[in-house]
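Take a look at the structure set out below.
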Amino acid sequence: MWTYRNSRTGQTVELSARSVRLDALDNWLLVGSPAPEPSGEEPALGGEVPPDPPEGGDAAVQRLIVVRPPDNAPKPAWVAYAVALGANETDARALSKAALIEEWGGDDGED
């Protein structure tokens, strides 16, 4: 199930598929997604096979898609985002929301 949370009201909804509409709204945050189900079949992405993990790497490496929160998202969403990108949680909590956005917000779509 795909889980979204409204940052203004706290309402949570679970959907069977990802919602393009909720993804486009600033006040709805994607807070949960289904884990990929392991299968012995080829991936459905044009037959492309992901590269092998680096030497000495864990074969069960999980790949996460981290979605940048909108600038008006609450500070805890920015702390979680920074931690997902590698920040120390204690340090991230100590920063202001503006500092988190400046440090971890990136260019938001620019190459």
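The values are calculated or read from the model by the stated rules, or taken from the named source; none is laboratory data. Worth saying up front: this structure is predicted, and the values here are computed from it rather than measured. Backbone-built Cβ (ideal geometry, glycine too); neighbour counts: all protein chains shown.
Tabulated values for the structure
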{"item": "Qualifying residue in the stretch 33-55 (condition: surrounded by 11 or more Cβ atoms within 10 Å (Cβ to Cβ), of a type in the set (Gly, Ala, Ser), touching a strand residue (DSSP E or B) at 6+ places or on another chain (Cβ under 8 Å) and at pLDDT 85 or above)", "result": "no"}
{"item": "Selected residue (criterion: surrounded by the fewest Cβ atoms within 10 Å (Cβ to Cβ)) from residues of the stretch 7-29 that are over 16 Å from Val67 (Cα atoms) and touching a Phe, Trp or Tyr at 6+ places or on another chain (Cβ under 6 Å)", "result": "Leu15"}
{"item": "Residue in the stretch 62-71 that is modelled with pLDDT under 55 and over 19 Å from Asp26 (Cβ atoms) present", "result": "yes"}
{"item": "Selected residue (criterion: modelled with the lowest pLDDT) from residues of the stretch 94-104 that are surrounded by 13 or more Cβ atoms within 10 Å (Cβ to Cβ) and either β-branched (Val, Ile, Thr) or out of contact with any Pro (no Cβ under 9 Å at 6 or more places or on another chain) (or both)", "result": "Trp104"}
